[in-house]
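Each remark here refers to the structure printed beneath this line.
Derivation of every value follows stated rules applied to the coordinates shown; laboratory data play no part. Predicted, not measured: the structure shown is a model, and the values here were computed from it. Using ideal geometry, Cβ is built from the backbone for each residue, glycine included, and neighbour counts are taken over all protein chains shown.
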């Protein structure tokens, strides 16, 4: 009974940690840490034990999620002619915007916070990229083009990373049941 409660708590915590992806926090990696701690502290003969292969699979998936997000975010910005400075500022703006959006969306439980965090994270990426390009001396039109690419890169990158995170949750649940 206690093992089932522990497994349920791991799944619930993992869903919460997965949602942190929407505010540019490393939710997938936190799922890996939670699963590894669970595996370490759960007796090997337990019905709800996680194998080392499951943890290795989760690590590989988390790395793939980061790759998807990085490629999506940087490809759009670089394709639009963005500088490294604008990419870094887009990342900072994305984090700040995501956290702001999380607080703005609070009146609408869960879904409102997630949508607001995603939207404001994208807007933060846009603002950071525009600031970086303007700082570099580019025109407003050039800066806005790069900012738009950073916005869409952030949105698509976050969706890609969240999809990989959902696969991680599925792997985790299946591993706990089998």
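Within the stretch 58-78, the set of residues being in contact with a helix residue (DSSP H, G or I) (Cβ under 6 Å, 6 or more places away or on another chain) and under 16 Å from residue 32 (Cα atoms) comprises 58, 59, 61, 62, 64, 65. In the stretch 37-59, which residue that is in a helix (DSSP H, G or I) and either surrounded by 13 or more Cβ atoms within 10 Å (Cβ to Cβ) or on the phi > 0 side of the Ramachandran plot (or both) is farthest from the chain's Cα centre (by Cα)? By that ranking, first place goes to 39.
Looking only at the stretch 105-120, residues that are surrounded by fewer than 16 Cβ atoms within 10 Å (Cβ to Cβ) and more than 14 Å from the chain's Cα centre (by Cα) come to 7 in all.
Residues of the stretch 75-95 that are in a helix (DSSP H, G or I) and either touching a strand residue (DSSP E or B) at 6+ places or on another chain (Cβ under 8 Å) or crowded, with 19+ Cβ neighbours inside 10 Å (or both): 76, 77, 86, 87, 89, 90, 91, 93, 94.
Taken over the stretch 159-178, residues that are under 11 Å from the mean Cα position of the chain (by Cα) and not in a helix (DSSP H, G or I) amount to 0.
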